[in-house]
Amino acid sequence: MDPQVAPREKMAGTGEVTGPFAMLVGVLRGGNVAVLSGAGLSTESGIPDYRGPSGRARGGQPMTYQAFTGSAAARQRYWARSHLGWRHITGAAPNDGHRAVALLEEAGRVRGIITQNVDGLHQAAGAVAVTELHGSLHRVACLSCWRRSSRVELDERLRAENPGWAEQAAAGLAVKPDGDVALEDTAGFAVVDCVACGGLLKPDVVFFGENVPKPRVAACFDLVSASSALVVLGSSLAVLSGLRYVRHAASLGIPVVIVNQGQTRGDELAAATLDAPLGAALTAATRELGLAG
């Protein structure tokens, strides 16, 4: 095992892996594992996070549900920025971490994945039993009739209504974690409405200040309850939507293993914490289990 995978561990003289990494491999070997993933798993695919090492350097506030629904100017600003950022999200590819999770699921070690991410990269890597806790940027929802449609369809409509916008505005803009870009001047961008009823369109994601649908929350609690362990990947657990599942597992005596770069809000509840790059750590774990060459 590459020592960079687990910088706070030591290798025994026999070559045996000890410490948090051994705990991670152990729970995965036992199978029936629930995975909770966060933005840190996708940073190696070029998608920035909010609260990891790169997130702290960026700063800035994400769009809230209240601002989006309450202001036409806010919606124009969001869709103008998101129209440009979408090219980055849709162009991202799964990384070694996503592929390792999909491999663990295929091998029967992981029973289900709860992801806080909205990028669809778990599915792109081949994972099947994925619950998108916060929705997906690949879909759009109407706030009046609740018709859901493809983001590709919306992208085509926005391109038609705003010819040349992407080419004129995109150069050198930093992409933000929720799929938009840091663009200040969005005046003149034309927003489109629902083709079915003329209602307001919103990405099919849970904005800050918005609640995750109750059936989805309940399904995730059920998944954790039925699992033998919960492995957290790349989440700071700074918001309750993810932290509650760590608390739930701990309350049931289900071991929690956290793999993240930096401390998390759930560390005190974990049986083991591993501060390491996600792709390297998960690839090393699959090799320990004989699942990867």
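The values are calculated or read from the model by the stated rules, or taken from the named source; none is laboratory data. This is a predicted model, so every value here is computed, not measured. FYI the Cβ positions are ideal-geometry reconstructions off the backbone, even for glycines, and counts take in every protein chain you see. All accessible areas refer to the heavy atoms of the entire protein, side chains included, with ligands and DNA or RNA removed. Shrake-Rupley method; radii C 1.70, N 1.55, O 1.52, S 1.80 Å.
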## Note on the structure
The condition of being surrounded by fewer than 19 Cβ atoms within 10 Å (Cβ to Cβ) and of a type in the set (S, T, N, Q) holds, among Ser251, Ser236, Ser227, only for Ser251
### Residue list for region 148-167, restricted to those being open to solvent by 30 Å² or more (accessible area, probe 1.4 Å), under 26 Å from the mean Cα position of the chain (by Cα) and more than 20 Å from Cys197 (Cβ to Cβ)
Val152
### Summary
Of the listed residues (Leu230, Leu237, Leu243), the one being within 30 Å of Arg29 (Cβ to Cβ), at pLDDT 90 or above and in a helix (DSSP H, G or I) is Leu243
### Flag if Gly179 is assigned to a loop (DSSP other than H, G, I, E, B) and at pLDDT 95 or above
no
### Task
Could you check Ser71 against (1) open to solvent by 30 Å² or more (accessible area, probe 1.4 Å); (2) touching a residue at least 60 places away in the same chain (Cβ under 8 Å) and say which number it fails?
(2)
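Of everything in region 2-40 that's assigned to a loop (DSSP other than H, G, I, E, B) and crowded, with 19+ Cβ neighbours inside 10 Å, which residue is modelled with the lowest pLDDT?
Here the answer is Ala6.
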### Query
Pick from Ala129, Ala141: which is crowded, with 16+ Cβ neighbours inside 10 Å and either within 23 Å of Ala74 (Cβ to Cβ) or modelled with pLDDT of 95 or more (or both)?
Ala141
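Okay, residues lined up against (1) in a helix (DSSP H, G or I); (2) of a type in the set (Lys, Arg):
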{"position": "Ala196", "(1), (2)": "no, no"}
{"position": "Pro203", "(1), (2)": "no, no"}
{"position": "Val212", "(1), (2)": "no, no"}
{"position": "His248", "(1), (2)": "yes, no"}
{"position": "Gln263", "(1), (2)": "no, no"}
{"position": "Leu282", "(1), (2)": "yes, no"}
{"position": "Arg287", "(1), (2)": "yes, yes"}
### Message
Being in contact with a helix residue (DSSP H, G or I) (Cβ under 6 Å, 6 or more places away or on another chain) and of a type in the set (Val, Ile, Thr) is the filter here; which residues of region 227-265 pass it?
### Response
Val246, Val256, Val257, Val259
### Query
Quick check: anything in region 266-279 more than 29 Å from Phe207 (Cα to Cα), free of Cβ contacts under 8 Å to residues at least 12 places away in the same chain and open to solvent by 50 Å² or more (accessible area, probe 1.4 Å)?
no
### Message
Quick check on region 94-114. Is at least one of its residues in contact (Cβ under 8 Å) with a residue 60 or more places away in the chain, closer than 20 Å to Pro203 by Cα and either open to solvent by less than 20 Å² (accessible area, probe 1.4 Å) or not aromatic (Phe, Trp, Tyr) (or both)?
### Response
yes
